[in-house]
Amino acid sequence: MKTIATLSWKSVFNRKTTAILSILTVAISVILLLGVERIRTQAKSSFANTISGTDLIVGGRSGQVNLLLYSVFRIGNATNNIDWKSFEEFSHHRAVKWAIPISLGDSHKGFRVMGTNQDYFKFYKYGRKQPLTFAKGKPFHHLFDAVIGSDVARKLGYKIGSKMIIAHGISDVGFTRHDHLPFSVVGILAPTGTPVDRTVHVSLAAIEAIHVGWESGAHIGKTPDAKTLEQRHFQPTQITAMLLGLKSRIMAFALQREINEYRKEPLSAIMPGVALQELWGMMSVAEQALMAVSVFVVIAGLMGMLSSLLTSLQERRREMAILRAMGAQPKHIFALLMSEASALTLIGIIVGLTGVYGLMFLIAPVIHNHYGILITPEMLTPHEWLLLGYVQLAGMLIGVVPSLRAYRQSLSDGMTIRI
C-alpha cells in the first residue's frame, strides 16, 4: 500500500496541470456547498440571538413576521401605531414584569433612530440573555441626548460629545432633517452582533419634541429651539411597538389572547420564537433551492474530475502496461487509480475549506454592515463534517469508473497497446 501511495503521489505530481484543475473544481464546489450552509445556519443563529428574554412583542394589527421584522430587526415599517394609553394599560398588567416602548420612523445617515426609555437599557437582552453594556458613556438623560450602537460609532466616526442631526423618515435628505435640533452622543453601546449595533437610541420625549410643527411627515409650522423645548414636558401619544417581559411564561398565552382581543384598538401580540419559526418556514423553499444548486455544483465538479481522469487514462495505458510487466497485479492498478481520485478529492476539500474561511474573513464585515448578520469563522459542525464526508465518498465513487477501466485494460493490453 505504501508503494501504491507513493506511485499515486508521483503520478499526480507528473500531471500537475490536470491535477490542479481537478483540485480547483472540487475546491470551488466545497466553497459553495459550505458557504451556503454556513451563511444559512449562522443567519438563523444571528436572527435568533437578536432578542432574548422577551416573552411578547406587541404592535398594531399585522402579520407576526412583519411585526417581528420592524420591531426587532428594523426591517420595514409598521402598519399602524399603538396608542400610549394602551401601552400604559398593559405595562401595568398583573402578568407583566417589565415593558419597553419603541418608537420608530426616523433615521440618521442610513441608520434607524429608535425612541425608547431607560427600561430598554435595563431589561433588553440578546444572545443567551446577555444585557446591553456601554463601551463608553452612559444612557441618555437630557432631552437631546443620544446613545448609539457600535456600528454607528465606527462607521460615522462618532465619539462621546459628537453632534448629530436626525432626519424625519427613512430617507435622510435635506428637507426632512431637524437641522436646528442637534443631538449629542452621550453613550456608545458595546458590540452585540445584532441590529442594536446599527441603531441610534433617543428618548420618547425627544421623538415628540423634534416633531413639534410637523404633520404627516411635512414641516407645516415653526419648531421652537432646543432651549425652549427642553423646558417643556413631552408625553408620547403613540408608539410603534412594545416588548413585554412576564412574571411567568405560563401567562404568555393568556395575555397574548387578551391583547389580540383588545377592543379599544386593533393590536397583535406575538411570541418571538414562534414568529422566527414562521419566518424560517417562509424561507425554507429558498434554502432548499440554494442547497440544491450547491449539490449540483458539487456533482458538476466531480464530473469534471472524472472527465479529466478518463482523458488522462487513455494516455497512460503504456504506463499501466509497464507496471504490469514489473509485477503489478490488476488490483494494484485499480488501487492506484482509486488512490489518485481520493487524493485529488481530499486536496480539493482542504483547499475548499481554506477558501471558505478566507472568504468568511473578507465578507463577514460586509454582511454584518449591510444586513446585520454576524458570520463568524467557527469550527466545523458535525453536519458540515458529514457534508464533507459525502463529498469525499462521492470522489472515491467517481474514481471507481476510471479504476475499473484501467483494471480491464491492464488485463487485455499486456505490453501491446491498442490505441
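The numbers here are math on the coordinates, done by the rules we state, and not lab data. What you see is a predicted model; the values in this text were computed from it and never measured. Backbone-built Cβ (ideal geometry, glycine too); neighbour counts: all protein chains shown.
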Give me the extension gain from Lys122 to Ala254: residue separation times 0.36 nm, minus the current Cα-Cα distance, reported in nm with one decimal.
45.0 nm
To the nearest µm²/s, what D does Stokes-Einstein give for region 56-270 at 37 °C and 0.692 mPa s, using the Kirkwood radius over alpha carbon pairs as Rh?
185
FRET E, pair Asn77, Ser52, Förster distance 25 Å, beta-carbon r, rounded to 0.05
0.55
Within region 56-270, what percent of beta bridges assigned by DSSP are antiparallel, to the nearest 5?
80
